[in-house]
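Below is one structure, written out as structure tokens; comments come after it.
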Amino acid sequence: MKNFTLFLFLLIFALSSSLSAQEYMEELYDVSEPTTVIYGQNATILPVIFQQSDEAVPRPLPMDIYTPVGDNNDERPVMLVFHTGNFLPFPQNNGTGGTRQDSTVVETCKRLAKRGYVACAVDYRLGWNPVDPDQDFRTFFLINAAYRGVQDARTAVRYMRLNAVDGGDSFGIDPDKIGVWGIGTGGYIAAAVATLDDYAEIPALT
């Protein structure tokens, strides 16, 4: 009897978990127009690379936040979505995209929001010199470009958590359920966020 009771309990638990998880698997909602916020500010080296300045200058860091319409849940999971672009601005990156308004980024955010997520299309700092004749220089500055992306990703996480705790919880999120999603180059940021805790963990060039 005990075994049957335990089995019945586990079955009910599995079914209830499946029903609650279904919200995040199927498109159930409409999507709001994105809300643009400035989630932070940090120094960019782009003016230096394009010889417009001799030093890094501060720049605001925006992101567009998409939310599900008609969802009464006030503890939604968050997904931060990072665009591609080789850590260079569009169109200098010679690609077909490289901004938070890329069609792939917008479509990804909308599909996530339709499933009950709060989806954020995140802008991040760019900049390195891919045509420097020195291979070590190119590698060094590309690694640093990726690490700036990591810093910006963590700043975006802190912004969402702070908004949830002290900012009135504008987006109805669970501050303990924040994920990172990368498209193309943004995948480097997502992988590095998951694996790096300190700049010193990056192997030195030899």
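List the residues, sorted by chain then number, that are 5 or more residues from Gly40 or on another chain and whose placed amide H is less than 5 Å from its amide H.
Leu61
Using a cut-off of 11 Å between beta-carbons, work out the net charge of the residues near Asn73 (Lys and Arg +1, Asp and Glu -1, Asn73 not included).
For residues surrounding Asn73, the net value is -4.
At Ser103 and Ala191, where each label point lies 7 Å from the Cα along Cα→Cβ, what is the point-to-point distance in nanometres?
The modelled label-to-label distance comes out at 2.7 nm.
Laboratory data are not the source of any read-out in this text; all were calculated from the coordinates shown. All figures in this text were calculated on a predicted structure; none of them were measured in a lab. All Cβ positions, even for glycine, are placed from backbone atoms using ideal geometry, and neighbour counts span all protein chains on display.
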